[in-house]
Every structure is written in C-alpha cells, then in structure tokens.
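The values are calculated or read from the model by the stated rules, or taken from the named source; none is laboratory data. This structure is a prediction, so every number in the text was calculated from the model and none was measured. So basically every Cβ, Gly included, is an ideal-geometry build from the backbone, and we count neighbours across all protein chains shown.
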Amino acid sequence: MSRFDPAHPHPSNHKEQKLPFAFTGGLGMPPRSVGFATAVLGFIGITLQLFVYPRVNGWLGTVRIFRYSLCLFPIAYTLVPYLSIVPSVAPPPDQASGFLVWLALSGILLVQVVGRTFALPANIILINNCSPHPSVLGTIHGIAQSVSSASGTIGPVVGGWGYGQGLNIGVVGMVWWSLAVVACIGWTVSGLVREGSGHEILLEGEEDKDEGKGTPGQKHDRDDSAEGGVGMRPGYTRERTKAVLRIKEA
C-alpha cells in the first residue's frame, strides 16, 4: 500500500495522522522489496522448523509450545499497522526506507514467523493425537482440513472488506486489531487443549493383542461391560472410555 501523503491524503478528509489509532498508509514497497522480505521470511521459517523446533518441542512439550506460540500472533497483528508511521529517510510518496524501517519490519516478521513455525507443527501433532482410535484418524484430519480450507476461503473476503472499510475512515489498523482480538480468543481457548494418545480405546479383537504385549506385572484397566467389545488402554479411566462409547452410539 502507498504511504500517507499529506499533499494527497486518502481519504480526502484525513489531513493528519493521529496516534494511537487514527492513522493510515503503508510502506509503499515495490514488488521487488516485498519479494525479498518474503524470501527472508521463508528462510527464517525453514531454519527454525528444522533446527530449533524439535529441541524446543522436546523441552516444553507439544501442548505448552502450542500455547506459547499462539500468544505471539496478537503481538504481531497489533504492531503491523504501526510500520506505516516508522520514520523513513525518504519522504512520501517514495518507498519507506532506512535502518529503522527495516529493523521494525524484521522484528515484526520474526515474531510472526516464530509463532507460525511453532504453532503449525504442534497443531498437526495435537490433531493426530486427539483421535480416539487410528481407524478414525482420516476422518478427523479430513474435518480439520475442511475447517482450515473454509477459514482460508472466508478469511480473505472478510479481511479484505474490513481492510477497505478501515482505509475509508483513515484507520489502517482496524482489520489488524480485529485479527489481534480473534488471536487472543484463540490463545485463551488453547488453555482447554489437552494431548491425547491417538489410541485411547480398543475395538473388538484388539483387547487380547494388547494384553499379550503387556509387560509382566503391568495392570490393564478394562471395561468388560463396554458394548461393542471396546476395552481400555492402560492409564485411561473407565469414565473416558464410556464417554467415547456414548459418542460412538450417538
């Protein structure tokens, strides 16, 4: 998006920038600079995912790293609009440039990349482990991908409309701060997430196999009254298996 130019303001009644919210404009970067920033973004993301994520995940665990990474998105979405008011060595309508511009841009991109790099693998792992049995793993992943695709379809439409409305009233950050609120809600709800085993129940015919593989002295808590021949895996309570059965019967 082009930078704010007091000589040719848009909208026409927006004569001056008023912090902290009533300001508009962008960095006015050409495709070449945008492509360079995107390439740096991808390089940082690949490096973090290959060399940093496995160690951090082993240290913190999947659930905690998922929650911690989600808290980075509200920070990034809140700060993005303020890039338009970072002091530049070039006056508008020229491209924003200078050490401060690239420092601010790199810092915000780093926050976003770290959050995305840690959240996406953890999200896939948690979806995989929430399956009560491997036989329904494909269904669960199908539902997850459908929700993701629906969000990817609706998101740009709603976001583009909100971005346009913000520009019309001289508040470029309106849609970004709305995303920050949604990200905060997602971070809060992540406190309810727990990590399953991916195989919390046993179907008919799997009980004997599971018992045969048990180590001597290992206690297997089974629900012999469960319908459909569904037993319980070691370490899981009778109530959780009955809850799964009620879902299956429904």
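Quick notes on this one:
- Considering residues of the range 152-182 that are among the hydroxyl-bearing types (Ser, Thr, Tyr) and surrounded by 11 or more Cβ atoms within 10 Å (Cβ to Cβ) only, the residue nearest to the chain's Cα centre (by Cα): Ser178
- Verdict on Ala144 being among the aliphatic types (A, V, I, L, M) and modelled with pLDDT under 85: no
- With respect to (1) of a type in the set (S, T, N, Q); (2) surrounded by 15 or more Cβ atoms within 10 Å (Cβ to Cβ); (3) closer than 30 Å to Leu19 by Cβ; (4) at pLDDT below 90, the lone exception for Thr241 is condition (3).
Every residue, every condition in (1) loosely packed, with under 13 Cβ neighbours inside 10 Å; (2) in contact (Cβ under 8 Å) with a residue 40 or more places away in the chain; (3) outside the structural domain of Ala104 (by TED's automatic domain parsing), yes or no:
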position: Phe21; (1), (2), (3): yes, yes, yes
position: Ala37; (1), (2), (3): no, yes, no
position: Val40; (1), (2), (3): no, yes, no
position: Phe51; (1), (2), (3): yes, no, no
position: Leu60; (1), (2), (3): no, no, no
position: Arg67; (1), (2), (3): no, yes, no
position: Leu72; (1), (2), (3): no, yes, no
position: Thr78; (1), (2), (3): no, yes, no
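- Within the option set Pro87, Pro156, Pro121, being modelled with pLDDT of 85 or more and within 27 Å of Arg55 (Cα to Cα) holds for one residue only, Pro121.
- Residue match in the range 17-32 (condition: of a type outside the set (D, E, K, R), outside any loop (DSSP other than H, G, I, E, B) and at pLDDT 80 or above): yes
- One residue stands out among those in the range 187-210 that are surrounded by 14 or more Cβ atoms within 10 Å (Cβ to Cβ) and part of a helix (DSSP H, G or I): the one that is modelled with the highest pLDDT, which is Trp187.
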